[in-house]
Amino acid sequence: MESRPRIAVLVFPGSNDDRDAAWALGAVGAEPVTVWHAEPELPDVQGVLLPGGFSYGDYLRCGAIARFAPAMGAVARFAADGGPVLGICNGFQILCEAGLLPGVLRPNASLAFVCRDAKVRVTRTDTVFTSRCEPGQELTIPVKCGEGAWYVDAGKLLELRQRGQLLLTYVDENPTGALEDVAGVINARGNVMGLMPHPEHAVDPLLGSGDGALLLAGLVDAARERLAVPA
Amino acid sequence: MKATVLVRPKEGILDPQGEAVRSALGHLGLPVEGARVGRVIDLELPAGDAEEARSRIEQACEQLLANPLIESYEIELEA
């Protein structure tokens, strides 16, 4: 039987997609391990997922407080060691506030909470997270957020575009008002990704789309590789 | 010692909240050309050296109270 890599799903006070994320990871071949935010160390895991929700009530700015959680120190060390880390929605906001991903998520330009399917294009398939996608593939994944408008300054944007770090872009419609239609970004090293749409809500075609499974399976593939090569 | 931190959306950054307030002010009969919405944080600090307090609050602004990518801040100290 194929080995199931262990992937930590962090749980902050106010996280609300942690159980969906854990279920979805299980559906694509991982063994999810929930980790409470107060834990100073991660258990023996080969990947990390930061789920959606409203950590610490979104006080101050989304993700601004969660970044100081003890578990986030462990996540930063895990990422520095090359471990794969995926942040979804609030998880993306936290990774940006923690400086693990470039930019910041601002209130949607419409000021309205959006909750609907979004179509995103995969701009590269040579990353661990998008390796299961076809070049230019369009994925249907639901977006549900009030503060999903990704932003960076013009100089940084140019740099990120040149380096191919703008990994997912909205097609047809930009539901959040994100700069350059950006729905997801990856770090320069290629092991940390964040996105506003929720792949964990799109792993079963019965619920409208199974496209999210492709991205989650990419995380699981990367985790499985770490399983094969003990640190 | 008391300190007040004023956090504002940086110039040139779209402020949808400010836009909504501007539009609502128009409905109220007070047309304004612009409105920007920021945040006020009142701090109470133990008595001590004002300059040191200022520099520590500045660090806190850079790391937590504001996101320097999109927000500017001002610190007012009151002995």
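Sort out for me the strands (runs of 3 or more DSSP E) sitting completely within the stretch A:38-151 that have 2 or more residues that are β-branched (Val, Ile, Thr) and crowded, with 22+ Cβ neighbours inside 10 Å. Lay out the reasoning, then the answer.
Working: elements: A:47-50, A:85-88, A:104-106, A:114-122, A:138-145, A:149-151.
Fully inside the stretch A:38-151 and qualifying: A:85-88, A:114-122, A:138-145.
For the stretch A:155-169, check the following and say yes or no: at least one residue is under 18 Å from A:Ala118 (Cβ atoms), of a type outside the set (S, T, N, Q) and touching a Lys or Arg at 6+ places or on another chain (Cβ under 8 Å). Yes - at least one qualifying residue is present in the stretch A:155-169.
Within the set of pairs 6 or more residues apart or between chains, which connect a residue that is at negative phi inside the stretch A:135-149 to a residue that is surrounded by 18 or more Cβ atoms within 10 Å (Cβ to Cβ) and acidic (Asp, Glu) with Cβ atoms less than 8 Å apart? As it stands, the answer is A:Leu139/A:Asp211; A:Thr140/A:Asp211; A:Ile141/A:Asp211; A:Glu147/A:Asp58, since those pairs meet every condition given.
Any residue that is out of contact with any Phe, Trp or Tyr (no Cβ under 9 Å at 6 or more places or on another chain) and of a type outside the set (Val, Ile, Thr) - is there at least one of those in the stretch A:178-185?
Here is the first cut: in the stretch A:178-185, the ones out of contact with any Phe, Trp or Tyr (no Cβ under 9 Å at 6 or more places or on another chain) are none.
Within the stretch A:178-185, none of the residues are out of contact with any Phe, Trp or Tyr (no Cβ under 9 Å at 6 or more places or on another chain) and of a type outside the set (Val, Ile, Thr).
Touching a Lys or Arg at 6+ places or on another chain (Cβ under 7 Å) and more than 14 Å from chain B (Cβ to nearest Cβ): is that true of A:Thr125 in this structure? When the stated conditions are applied, A:Thr125 does not pass them. Being away from every other protein chain (no Cβ under 14 Å), in contact (Cβ under 8 Å) with a residue 24 or more places away in the chain and within 17 Å of A:Met193 (Cβ to Cβ) is a condition met by at least one residue of the stretch A:170-180. Reported count of residues in the stretch A:166-217, each being under 25 Å from A:Ser110 (Cα atoms) and among the polar types (S, T, N, Q), is 3.
Checking each residue in the stretch A:12-27 for being outside any helix (DSSP H, G or I) and among the acidic types (Asp, Glu) picks out only A:Asp17. Suppose we keep only residues that are surrounded by 11 or more Cβ atoms within 10 Å (Cβ to Cβ) and at pLDDT below 95 within the stretch B:38-52. Which one would you say is nearest to the other protein chains (Cβ to nearest Cβ)? So the residue we want is B:Leu45. Considered as a group, the residues in the stretch B:53-73 that are over 19 Å from A:Cys62 (Cβ atoms) and either in contact with an Asp or Glu (Cβ under 7 Å, 6 or more places away or on another chain) or without any contact (Cβ under 8 Å) to a residue 12 or more places away in the chain (or both) include one that is nearest to the other protein chains (Cβ to nearest Cβ), and that residue is B:Gln59. Here is the figure for the stretch A:55-104: residues that are more than 14 Å from every other protein chain (Cβ to nearest Cβ), modelled with pLDDT under 95 and out of contact with any strand residue (DSSP E or B) (no Cβ under 7 Å at 6 or more places or on another chain) total 1. The residue list A:Gln137, A:Gln165 contains one member that is in contact with a strand residue (DSSP E or B) (Cβ under 7 Å, 6 or more places away or on another chain), more than 14 Å from chain B (Cβ to nearest Cβ), over 20 Å from A:Ala213 (Cβ atoms) and polar (S, T, N, Q), which is A:Gln165.
Sort out which residues of the stretch B:1-37 are more than 14 Å from chain A (Cβ to nearest Cβ), under 26 Å from B:Leu64 (Cβ atoms) and not polar (S, T, N, Q), and write them in order of number. It would help to see each step written out before you state the result.
First, pick out the residues of the stretch B:1-37 that are more than 14 Å from chain A (Cβ to nearest Cβ): B:1-4, B:6, B:25-34.
Still in the list and also under 26 Å from B:Leu64 (Cβ atoms): B:1-4, B:6.
If the condition is that a residue be more than 14 Å from chain A (Cβ to nearest Cβ), under 26 Å from B:Leu64 (Cβ atoms) and not polar (S, T, N, Q), then B:Met1, B:Lys2, B:Ala3, B:Leu6 are the ones that fit.
Taken over the stretch A:113-150, the criterion of being among the aliphatic types (A, V, I, L, M) and within 30 Å of B:Asp15 (Cβ to Cβ) is satisfied by A:Val114, A:Ala118, A:Val120, A:Ile141, A:Val143, A:Ala149.
How many residues are among the aliphatic types (A, V, I, L, M), over 19 Å from A:Ala98 (Cα atoms) and within 13 Å of the chain's Cα centre (by Cα) if we restrict to the stretch A:183-212?
The first filter runs over the stretch A:183-212 and keeps only residues among the aliphatic types (A, V, I, L, M), leaving A:183, A:185-186, A:188, A:192-193, A:195-196, A:202-203, A:206-207.
Checking which are over 19 Å from A:Ala98 (Cα atoms) leaves us with A:202-203, A:206-207.
Narrowing the set further to residues that are within 13 Å of the chain's Cα centre (by Cα) leaves none.
Within the stretch A:183-212, residues that are among the aliphatic types (A, V, I, L, M), over 19 Å from A:Ala98 (Cα atoms) and within 13 Å of the chain's Cα centre (by Cα) number 0.
The values are calculated or read from the model by the stated rules, or taken from the named source; none is laboratory data. Note that the structure is predicted; figures quoted are calculated from it, not measured. Cβ coordinates were reconstructed from backbone atoms using ideal geometry, including for glycine residues, and neighbour counts include every protein chain displayed.
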